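Structure first, then comments.
The values are calculated or read from the model by the stated rules, or taken from the named source; none is laboratory data. These numbers come from a predicted model, not from an experiment. So basically every Cβ, Gly included, is an ideal-geometry build from the backbone, and we count neighbours across all protein chains shown.
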Amino acid sequence: MSILKDSHDFCANSEVLEEKQLFFCFYKNNTPHIQVLRLLEANEYWERVIFPQERLLFEARQNSQLEVQMNSDLYDLVPCIHLKINQ
């Protein structure tokens with residue numbers, strides 16, 4: 001009896017596992033202004049104030065996004081996969 005039903009099931013399961021795995025991300029505020037960062041995930045949310053030239057190392061999942069607020073009207077959404085640290 002085979003443990004795996006077929007290769008399609010294995011690929012689907014590995015994609016689900018990959019989405020749940022955490023990886024390290026790096027962000028640096030290269031502006032002269034204070035920024036507010038928000039990590040947007042399905043089951044998690046945090047917010048941090050980051051000062052000019054300050055660096056932040058954090059963990060995120062594949063589908064997470066980092067919201068970077070520069071002022072009350074201006075913000076940017078960055079996919080965390082773009083901030084991933086290659087180990």
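For region 42-77, a residue qualifies if it is within 17 Å of F23 (Cα to Cα) and in contact (Cβ under 8 Å) with a residue 24 or more places away in the chain, and the qualifying residues are R55, L56, L57, F58, E59, A60, R61, Q62, N63, S64, Q65, L66.
Note on region 61-74: residues that are modelled with pLDDT under 95 and part of a strand (DSSP E or B) amount to 1. Within region 1-42, restricting attention to residues that are closer than 23 Å to I81 by Cβ and among the hydroxyl-bearing types (S, T, Y), which residue is modelled with the highest pLDDT? This residue is Y27.
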